[in-house]
Amino acid sequence: MSETHQGNFIEKKITLKSNRVFLLKFIEFNNGCFVSLSEDLCKIGGLHVSVASNNRTQSARVIPNIRDPIFMKTLSEKISLMINGIVITNFNNKNPLSLSEMQEIMNEVLKLLEMKTSD
């Protein structure tokens, strides 16, 4: 997994055990972040916005992801709670994810967030 890190921007290539490759782009802001996950090529896909306050989230599906809407909502809300702010999530995939692929992606994103919050 390669990683580019420039201040509040991180770009990482995630290769799953199934050999699917996702490009992760993370942009940090004072009050939230933008997280983009795209399979193979950098593309805009489904967009989800989550806002956390007082350990609760409110979410809105801006552009639906027809293949994995539950994963996208879960990812957005989890990140929002972790940073206690606004999260805009972009997710583009070619085929539906298996449960193990979802777990791998979620683990990579959470590792990145833990690294950012420990800085």
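Only the coordinates and a few stated rules stand behind these numbers; no lab work does. Being a predicted model, the structure only gives us computed values, none of them experimental. FYI the Cβ positions are ideal-geometry reconstructions off the backbone, even for glycines, and counts take in every protein chain you see.
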message: Being over 22 Å from Glu101 (Cα atoms), of a type in the set (S, T, N, Q), in contact (Cβ under 8 Å) with a residue 12 or more places away in the chain and in contact with a Gly (Cβ under 6 Å, 6 or more places away or on another chain) is true for just one of Asn31, Asn8, Asn65. Which residue is that?
response: Asn31
- prompt: So which pairs qualify, if the first residue must be in segment 84-105 and free of Cβ contacts under 8 Å to residues at least 40 places away in the same chain and within 17 Å of Glu28 (Cα to Cα), the second must be surrounded by fewer than 19 Cβ atoms within 10 Å (Cβ to Cβ) and polar (S, T, N, Q), the Cβ gap must be under 6 Å, and the two must be at least 6 apart or on different chains?
  reply: none
- prompt: Looking at segment 11-19, is at least one residue part of a strand (DSSP E or B), surrounded by fewer than 15 Cβ atoms within 10 Å (Cβ to Cβ), touching a Phe, Trp or Tyr at 6+ places or on another chain (Cβ under 9 Å) and free of Cβ contacts under 8 Å to residues at least 40 places away in the same chain?
  reply: yes
query: When only residues in segment 58-81 that are of a type in the set (D, E, K, R) and assigned to a loop (DSSP other than H, G, I, E, B) count, which is surrounded by the most Cβ atoms within 10 Å (Cβ to Cβ)?
result: Asp68
- prompt: Looking at segment 106-119, which of the residues that are over 11 Å from the mean Cα position of the chain (by Cα) and part of a helix (DSSP H, G or I) is surrounded by the most Cβ atoms within 10 Å (Cβ to Cβ)?
  reply: Lys116
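Whether any residue in segment 38-60 is farther than 15 Å from Leu110 by Cα and touching a His at 6+ places or on another chain (Cβ under 9 Å) is what I want to check.
Restricting attention to segment 38-60, the residues satisfying the condition of being farther than 15 Å from Leu110 by Cα are 38-60.
From what's left, touching a His at 6+ places or on another chain (Cβ under 9 Å): 59-60.
Yes: one or more hits.
Just checking, how many residues over segment 82-105 are in a helix (DSSP H, G or I) and surrounded by fewer than 16 Cβ atoms within 10 Å (Cβ to Cβ)?
Initially, segment 82-105 is screened for residues in a helix (DSSP H, G or I), giving 82-83, 99-105.
Among the residues that remain, those that are also surrounded by fewer than 16 Cβ atoms within 10 Å (Cβ to Cβ) are: 99-100, 103.
Looking only at that region, the number is 3.
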